[in-house]
Amino acid sequence: MILKPTFNFLLKSFLITGVLIFVSCGEDYVPKPKAYLRLEYPKSRYVEAEVDVPFLFETNLLATKLSYSKINATTESYGINIEYPSLKGTIFLTYKAVEGNRKNLINFLRDAEKLTENHMIKADEIPPASIYENEIGKVYGMFSEVKGNVASPAQFYVTDSINHFLTGSLYFYAKPNYDSILPAANYLQKDIKHIMETIEWK
């Protein structure tokens, strides 16, 4: 004798099969990875800076504001601001003439090192500084990067050890947030390195 399936049996079979198919086709939940805003910046285009200071260097055309002033007429000191309004950042340069006996050179070097040390309190990481040497142009210096929620993520100095000394630092006029300023900081650090590489003493 052949048993015919009842309506209830068929209905239960369809429901169970449907549930199994639905469950088996579901994807495993995977949390989304932490993402950061991707910003695209224009390709750097460098030109010689038109400022009346005792050295030559090149700046990025993205820096739409470039200003300078004589800080101290007796010691030949200058302050130069390279502003990037679209990135809300500024590279501050300070030039100081080295005295004939080079007594003030040691103080200049100490001040440059302290500038980086002052950011160690809030820094997450301070990679080893990069030494820069240009024997032909007599330009010697150091580039330092500071990672974390710090006011200045990059500083540098260059000198010929005889007549010229130049320091520079990058600042953003926004609340320090390393994750949000990282793309802009990386972009401007390239500009800082280009400044160092194009220095020519007058």
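For Ala112, are the conditions met, namely being touching a residue at least 60 places away in the same chain (Cβ under 8 Å), of a type in the set (A, V, I, L, M) and surrounded by 14 or more Cβ atoms within 10 Å (Cβ to Cβ)? Spell out how you get there, then give the answer.
Working: touching a residue at least 60 places away in the same chain (Cβ under 8 Å): no; of a type in the set (A, V, I, L, M): yes; surrounded by 14 or more Cβ atoms within 10 Å (Cβ to Cβ): yes.
When the stated conditions are applied, Ala112 does not pass them.
Each row is one residue, and each column tells you yes or no for (1) closer than 25 Å to Tyr46 by Cα; (2) in contact with a strand residue (DSSP E or B) (Cβ under 9 Å, 6 or more places away or on another chain); (3) of a type in the set (D, E, K, R).
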| position | (1), (2), (3) |
| --- | --- |
| Tyr68 | yes, yes, no |
| Phe92 | yes, yes, no |
| Ile106 | no, no, no |
| Leu115 | no, yes, no |
| Tyr140 | yes, yes, no |
| Val150 | no, yes, no |
| Gln155 | yes, yes, no |
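Filtered by the rule that a residue be assigned to a strand (DSSP E or B), under 19 Å from the mean Cα position of the chain (by Cα) and either at pLDDT below 90 or not aromatic (Phe, Trp, Tyr) (or both), segment 103-148 gives Ala123, Asp124, Glu125, Ser130, Ile131, Gly141, Met142, Ser144, Glu145, Lys147, Gly148.
The values are calculated or read from the model by the stated rules, or taken from the named source; none is laboratory data. Given the structure is predicted, the values throughout are model-derived calculations rather than measurements. With ideal geometry, Cβ positions are generated from the backbone for all residues, glycine too; neighbour counts draw on all protein chains shown.
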